[in-house]
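Asker: Dropping the structure in here first, questions after.
The values are calculated or read from the model by the stated rules, or taken from the named source; none is laboratory data. Given the structure is predicted, the values throughout are model-derived calculations rather than measurements. Please note: Cβ atoms are built from the backbone with ideal geometry, for glycine as well, and neighbour counts cover all protein chains shown.
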There are 2 protein chains.
Amino acid sequence: MLIDNLQYANWSETIFRQMRAGGVDAVHATIAYHENFRETVLNIEKWNRDFERFPDLIMQARSAADVDTAKATGRTAIIFGAQNPSPIEDDIGLVEILHTLGLRFMQLSYNNQSLLATGCYEADDPGITRMGRQVIAEMNRVGMVVDMSHSADRSTIEAAEISTRPIAITHANPHVWHPALRNKRDDVIRAVTENGGMFGFSIYPHHLRGGPDCTLQDFCEMIARAAEKFGTAHLGLGTDLCQDQPDSVVEWMRVGRWTKQIDYGEGSANNPGFPPMPDWFKDNRDFGNIAAGLRATGMDEAEVAGIMGGNWYRFYRDSFGPASV
Amino acid sequence: MLIDNLQYANWSETIFRQMRAGGVDAVHATIAYHENFRETVLNIEKWNRDFERFPDLIMQARSAADVDTAKATGRTAIIFGAQNPSPIEDDIGLVEILHTLGLRFMQLSYNNQSLLATGCYEADDPGITRMGRQVIAEMNRVGMVVDMSHSADRSTIEAAEISTRPIAITHANPHVWHPALRNKRDDVIRAVTENGGMFGFSIYPHHLRGGPDCTLQDFCEMIARAAEKFGTAHLGLGTDLCQDQPDSVVEWMRVGRWTKQIDYGEGSANNPGFPPMPDWFKDNRDFGNIAAGLRATGMDEAEVAGIMGGNWYRFYRDSFGPASV
C-alpha cells in the first residue's frame, strides 16, 4: 500500500496519470487553506468534476475500504483534508456536514491563531480554546482526524491529550534534525505518537536540512532515527508536494485574506516562491527512491512498507468512521 | 411498508414518537422552501442534531436499503427534499453536493418562475429553461428525483419528457376532483405516470374537495378513480402534513423573500393561516384510517399496500442511486 498523506498539487490529468504510473494508492489532498465553507464546497465541486471526468484514474475515498477499492481497480484514492478550520467558520455543525462531504483531516490552526488553536508562527500559545475543545469532541464523534501540522507546540500537546482518538501531524520533520519553525520538537512528536497518533515526513524543501539540496540518504537516515525514537508504526509520508502550482498559490497559502502586507512565511524576500523540490522527489513517480533509501538505512521490508503507506492505511481504518462505543 | 412522501412538521420528539406509534417507516421531509445553500445546510445541521438526539426513533435515509434498516430497527427513516431549487442557487455543482448530503427530491419551481421551470401561479409557462435542462440531466445522473408538485403544467409535462428517469408529483390531487390551482390536470398526471413516475395524494385541506370537511370516503374514492385511470402502481401518499407549525411558517412558504406584500397563496385574507386538518387525519397515528378507507372502496390488499408505501419504496429503490448505464 503506497500512501502520501499530504499533497496540494495543481491537479490535472497529467498528475493523475503520474500517480498511476507511480503506483500511488491514496493521497490526502488539501482542499482548503483559508477558504470559508462555501468556498470549500466550490473546491469539492471542482473535485467532483474531476471524479466524473477521470473515473479510471481517481476516486474519492471516505474510508480505508474505499482505498482497498481504489487499489483493486487500479485507481488512486483521494482523501479530502483542510489545512485550517476556516471551512467550519464559527459553526460546529459544519464538522459533520463536511465529514459527510468527505473531509477526513482538519488542521486546528494554520500558522496563525484560529478560533480553535494557536498557529506555529504566533509569539504566544495559550493552548486549545473553548470552541477548540468542543470541535475536537465533535471531530472525535464523527471520525475526522485532528491535524496539528501548522499548530504551535502547547496547542499540539493539548490536542493530543484532549482528543479521545489518535491525532496526526500529517506533514513536518523533526526540529532536532532541521530547526525550522514548522518542524516539530521531540516532546511534541512524542505527545502525538505515544497516544497512537501519526507523524508524516515532509519533503517540502523548507522543512529539509539543506533545502532542495538535501540528499535522499540524509532524509532517510532522519526517518530511521525517528523510527528508533518514536516507533516505526507511527510514521508515514506527507510529502507536501505542491506540483505545478504558480507562486501566487504559495502567497495565498501564507497571506490568505488575513493581512494586507506580504508575509513570506518560510520563504524570504529573496526566495518568495515555491522552492524547487530535491532531484530525488519531483513527482508521484519517485516514491520508489524513498523506499530504496529507507531500505539502505537497514530497515526491514515490513518497516519500509509501514512507512510507505501501511501505517497510514491502518490509521485510516481506525480513524475515519464514527467512534466505536 | 408505510411511507408518507411529504411532510413539513415543526419536528419534535412528540412527532417522532407519533411516527413510531403510527408505524410510519419513512417520511420525505421538506428541508427547504426558499432557503439558499447555506441556509439549507443549517437546516440539515438541525436534522443532524435530531438524528444524534433521537437515535432510537429516527435515522436519515439515502436509499431504499436505509428504509429497510429503519424498519428492521423500529425507527422512521427521514428522506430530505426541497420544495424549490433555491438550495442550488445558480450552481449546478450543488446538485451533487446536496445529493451527498442526502437530498433525494427537489422541486424545479415553487409557485413562481425559478431559474429552472415555471411555477403554477405564474400567468405564462414557457417551459423548462436552459439551466433547467442541464439540472435535470445532473439530477438524473446522481439520483435526485425531479418533483413538479408546485410547477406549472407545460413545465411539468416537459420535465417528464426531458428527464431520462421517472419524475414525481409528490403532493397534489387531481384537478378534475377539486379544481384548485395546485391540483393537477389529467394530462399532467398522465405525462408523469406513463413515464414510470409517481403521484402522491395530498391531505392539505386546500387540495381537498370541501377543505377540512372532506370525508375520508370522498378522499379514498378519488384515489380509487385515479387508480383506474393511471394505474395503482404509480400512486402513493404525500400528505403535506404541516403539524404544529405556527402561521408564520405558512407565510414564509408563500412569501419567502420574493415580495414585500402579503400573498395568501391558496388561503385568503379571511383565512390566512394553516387550515385545520380533516378529523380523520390529524397526525402520523392516523394512517390506519386511510388504509381502511381504501379497502372500503373495493381495492385489494396488494393495491392498498402499494398506495400506503410499497409504490414509493420501489420508486426509491430505482431512483436514489446513480443512473445505471
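Asker: Criterion first (among the basic types (Lys, Arg), under 20 Å from the mean Cα position of the chain (by Cα) and more than 14 Å from chain B (Cβ to nearest Cβ)) does residue A:133 satisfy it?
Answerer: Details: among the basic types (Lys, Arg): yes; under 20 Å from the mean Cα position of the chain (by Cα): no; more than 14 Å from chain B (Cβ to nearest Cβ): yes.
No, not satisfied.
Asker: For the range B:160-179: of the residues being β-branched (Val, Ile, Thr), in contact with a helix residue (DSSP H, G or I) (Cβ under 7 Å, 6 or more places away or on another chain) and crowded, with 23+ Cβ neighbours inside 10 Å, which is nearest to residue B:133 (Cα to Cα)? Before the answer, list the steps.
Answerer: Going through the range B:160-179, the residues β-branched (Val, Ile, Thr) turn out to be B:162, B:164, B:167, B:169-170, B:176.
If we keep only those that are in contact with a helix residue (DSSP H, G or I) (Cβ under 7 Å, 6 or more places away or on another chain) as well, we get B:162, B:164, B:167, B:169, B:176.
Then drop every residue that is not crowded, with 23+ Cβ neighbours inside 10 Å, which leaves B:167, B:169.
On the way: B:167: 14, B:169: 18 Å.
Across the range B:160-179, the extreme among qualifying residues is B:167.
Asker: Can I ask one more? Filter the range A:283-298 for residues that are surrounded by fewer than 21 Cβ atoms within 10 Å (Cβ to Cβ), aliphatic (A, V, I, L, M) and touching a helix residue (DSSP H, G or I) at 6+ places or on another chain (Cβ under 7 Å) and give the result.
Answerer: If the condition is that a residue be surrounded by fewer than 21 Cβ atoms within 10 Å (Cβ to Cβ), aliphatic (A, V, I, L, M) and touching a helix residue (DSSP H, G or I) at 6+ places or on another chain (Cβ under 7 Å), then A:291, A:296 are the ones that fit.
Asker: Of the residues that make up the range B:55-67, is at least one closer than 24 Å to residue B:247 by Cα and either touching a residue at least 12 places away in the same chain (Cβ under 8 Å) or surrounded by fewer than 19 Cβ atoms within 10 Å (Cβ to Cβ) (or both)? Please lay out each step first, then the result.
Answerer: Step one: list which residues in the range B:55-67 are closer than 24 Å to residue B:247 by Cα, which gives none.
Taking every residue of the range B:55-67 in turn, none turns out to be closer than 24 Å to residue B:247 by Cα and either touching a residue at least 12 places away in the same chain (Cβ under 8 Å) or surrounded by fewer than 19 Cβ atoms within 10 Å (Cβ to Cβ) (or both).
Asker: Could I ask something else about it? Here is a list: B:138, B:122. Which entry is outside any loop (DSSP other than H, G, I, E, B), out of contact with any strand residue (DSSP E or B) (no Cβ under 6 Å at 6 or more places or on another chain) and surrounded by fewer than 23 Cβ atoms within 10 Å (Cβ to Cβ)? So that I can check it myself, show each step before the final result.
Answerer: Working: B:122 fails: outside any loop (DSSP other than H, G, I, E, B).
Unique residue meeting the criteria: B:138.
Asker: A further question follows. In the range B:68-84, what residues are of a type outside the set (Val, Ile, Thr) and either buried (at least 19 other Cβ atoms within 10 Å of the Cβ) or in contact (Cβ under 8 Å) with a residue 24 or more places away in the chain (or both)? Write out each step before concluding.
Answerer: Narrowing the range B:68-84 to residues of a type outside the set (Val, Ile, Thr): B:68, B:70-72, B:74-75, B:77, B:80-84.
Hits for the range B:68-84 are B:70, B:71, B:74, B:75, B:77, B:80, B:81, B:82, B:83, B:84.
Asker: So residue B:320 clears everything in (1) farther than 20 Å from residue B:216 by Cβ; (2) of a type outside the set (S, T, N, Q); (3) modelled with pLDDT under 95; (4) surrounded by 14 or more Cβ atoms within 10 Å (Cβ to Cβ) except one condition, right? Which one?
Answerer: Condition (3) is where residue B:320 drops out.
Asker: Of the residues that sit in the range B:95-108 and are touching a Leu at 6+ places or on another chain (Cβ under 8 Å) and either surrounded by 21 or more Cβ atoms within 10 Å (Cβ to Cβ) or among the aliphatic types (A, V, I, L, M) (or both), which one is farthest from residue B:80 (Cα to Cα)? Quick ask: steps written out before the conclusion?
Answerer: Residues of the range B:95-108 touching a Leu at 6+ places or on another chain (Cβ under 8 Å): B:97, B:100-101, B:106, B:108.
Among the residues that remain, those that are also either surrounded by 21 or more Cβ atoms within 10 Å (Cβ to Cβ) or among the aliphatic types (A, V, I, L, M) (or both) are: B:97, B:101, B:106, B:108.
Values: B:97: 13, B:101: 9, B:106: 9, B:108: 15 Å.
Only one residue fits best here, namely B:108.
Asker: I've got another one for you. Just give me the residues in the range A:150-159 being touching a helix residue (DSSP H, G or I) at 6+ places or on another chain (Cβ under 6 Å) and surrounded by fewer than 24 Cβ atoms within 10 Å (Cβ to Cβ), in sequence order. Working first, answer last.
Answerer: Kept after step one, since they are touching a helix residue (DSSP H, G or I) at 6+ places or on another chain (Cβ under 6 Å), are these residues of the range A:150-159: A:153, A:156-157.
Within the range A:150-159, A:153, A:157 meet the criteria.
Asker: Here is a list: A:209, A:182. Which entry is surrounded by fewer than 19 Cβ atoms within 10 Å (Cβ to Cβ), part of a loop (DSSP other than H, G, I, E, B) and in contact (Cβ under 8 Å) with a residue 12 or more places away in the chain?
Answerer: Working: A:182 fails: surrounded by fewer than 19 Cβ atoms within 10 Å (Cβ to Cβ).
Just one listed residue meets the conditions, A:209.
Asker: Report those strands (runs of 3 or more DSSP E) wholly inside the range A:1-105 carrying at least 2 residues which are touching a helix residue (DSSP H, G or I) at 6+ places or on another chain (Cβ under 9 Å), away from every other protein chain (no Cβ under 14 Å) and not aromatic (Phe, Trp, Tyr).
Answerer: Details: elements: A:3-7, A:26-32, A:58-60, A:76-82.
Here the list reads A:3-7, A:26-32, A:76-82.
Asker: Take residue A:306 and tell me if it is touching a Ser or Thr at 6+ places or on another chain (Cβ under 6 Å) and surrounded by 14 or more Cβ atoms within 10 Å (Cβ to Cβ).
Answerer: In short, yes.
Asker: Related question: Does the range B:128-155 hold any residues that are closer than 15 Å to residue B:94 by Cα and among the small types (Gly, Ala, Ser), and which are they?
Answerer: Result: B:132, B:137, B:143.
Asker: Sort out for me the helices (runs of 4 or more DSSP H) sitting completely within the range B:214-307 that have 1 or more residues that are more than 22 Å from the chain's Cα centre (by Cα).
Answerer: Working: elements: B:216-230, B:247-255, B:287-296, B:301-305.
Fully inside the range B:214-307 and qualifying: B:216-230, B:287-296, B:301-305.
Asker: Just checking, how many residues over the range B:109-119 are surrounded by 24 or more Cβ atoms within 10 Å (Cβ to Cβ) and touching a helix residue (DSSP H, G or I) at 6+ places or on another chain (Cβ under 6 Å)?
Answerer: 3
Asker: Scan (1) closer than 29 Å to residue A:42 by Cβ; (2) surrounded by fewer than 17 Cβ atoms within 10 Å (Cβ to Cβ) for the single condition residue B:44 breaks and write down its number.
Answerer: In the conditions (1) closer than 29 Å to residue A:42 by Cβ; (2) surrounded by fewer than 17 Cβ atoms within 10 Å (Cβ to Cβ), residue B:44 misses (2) alone.
Asker: For residue B:149, indicate whether it is touching a Pro at 6+ places or on another chain (Cβ under 6 Å), in contact (Cβ under 8 Å) with a residue 12 or more places away in the chain and not in a helix (DSSP H, G or I). I'd like the intermediate steps shown before the answer.
Answerer: Details: touching a Pro at 6+ places or on another chain (Cβ under 6 Å): no; in contact (Cβ under 8 Å) with a residue 12 or more places away in the chain: yes; not in a helix (DSSP H, G or I): yes.
The answer is no for residue B:149.
Asker: Now for a separate question. Among the residues of the range B:147-156, are any of a type in the set (Asp, Glu) and within 14 Å of chain A (Cβ to nearest Cβ)?
Answerer: Step one: filter the range B:147-156 for residues of a type in the set (Asp, Glu), giving B:147, B:153.
When the remaining residues are screened for being within 14 Å of chain A (Cβ to nearest Cβ), the result is none.
Checked the range B:147-156: no residue is of a type in the set (Asp, Glu) and within 14 Å of chain A (Cβ to nearest Cβ).
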